[in-house]
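Okay, structure first, notes after.
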Amino acid sequence: VAGIRAAQDATQPSTADSSYPLSYQKSYAKAYQLWKNNLTTGANSFVNGEANGNGSYNGQGTNAGKQADKTALNAGYSSALKGFQDAVNGSGKKEPTNSTLGSAYDTGYNAYQDALAGINAAKKSNSTDKINVGNPTPDKAFVDGYNAYIQAKVDVPNGKNVNDSSADAMYQTLYPVLNQQLATSYQSGRDAYLNGYDVNATTNSSDPLFV
């Protein structure tokens, strides 16, 4: 338990003081590392498009240890989600007050760059087909960015703004933002057309729904 508490406090060491019995030192180090590993696993679950699996995680050791494992998984997942949301919303990095969660937060925050690459690829595509993870698409964030943009591009002209409840958390974060952006662009295009806009004129909008 002491190792778990230490892992949640950046001021605490990763190993117990050598004055403690060896068995205690080993238990401390194992609990400390397991907490850190589960934080990483939780963050990776988020960027891999998996559901937060802490509820079904059995863990190891005592009941207290199992609960701690679940808490760490949830903390890693939630921190990555928060990082991704901050990046999508353009609000800048807001590192967790508890610095031990910083790595998980950064995992989510940095995943937005891959999602943005997917969005930009979708902007250049004339297809409305979705893509899947695999060669040449690098990861789930890229795929979610691409697919969320494609879906929004299909939905906006039809007046739809319906998020996919079966999709992963990254997609569900991206879709409403992209839908709103494209809806604004679409309306701007309609207004310009009604006001005598020259369709051959240069526009500063890169969105395909701007007509």
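The values are calculated or read from the model by the stated rules, or taken from the named source; none is laboratory data. Only a predicted model underlies this, so the values are computations on that prediction, with no experimental measurement involved. Virtual Cβ from ideal backbone geometry, glycine too; neighbours counted across all protein chains shown. The protein model used for the area step is the full one, side chains on, heavy atoms only, and it has no ligands, DNA or RNA in it. Shrake-Rupley method; radii C 1.70, N 1.55, O 1.52, S 1.80 Å.
Excluding residues fewer than 8 places away in the same chain, name every one of the aspartates and glutamates whose C-alpha is closer than 17 Å to that of Lys153.
Asp129, Asp144, Asp164, Asp207
From a point 7 Å beyond the Cα of Glu95 in the direction of its Cβ, which residues of the stretch 6-28 have a backbone N at a distance under 17 Å?
Once the point is set 7 Å along Cα→Cβ of Glu95, 8-12 turn out to lie under 17 Å by backbone N, inside the stretch 6-28.
Once a ≥ b ≥ c are taken as the square roots of the eigenvalues of the Cα gyration tensor of the stretch 104-179, is the result rounded (a/c under 1.5), prolate (a/b larger than b/c) or oblate (a/b not larger than b/c)? Could you put the intermediate results ahead of the total?
Values: a/c = 1.90, a/b = 1.30, b/c = 1.46.
Judged from the Cα gyration tensor, the stretch 104-179 comes out oblate (a/c at least 1.5, b/c at or above a/b).
Distance cut-off 20 Å, Cα to Cα: go down the list Lys36/Lys70; Lys94/Lys123; Lys30/Lys140; Lys130/Lys160; Lys93/Lys130 and report the pairs above it.
Details: Lys36/Lys70 12 Å; Lys94/Lys123 29 Å; Lys30/Lys140 31 Å; Lys130/Lys160 18 Å; Lys93/Lys130 30 Å.
In this structure, Lys94/Lys123; Lys30/Lys140; Lys93/Lys130 exceed 20 Å between Cα atoms.
With every protein chain left in place, what is the accessible area of Asp106 in Å² (1.4 Å probe, nearest 10)?
Here the residue's solvent-accessible area equals roughly 40 Å².
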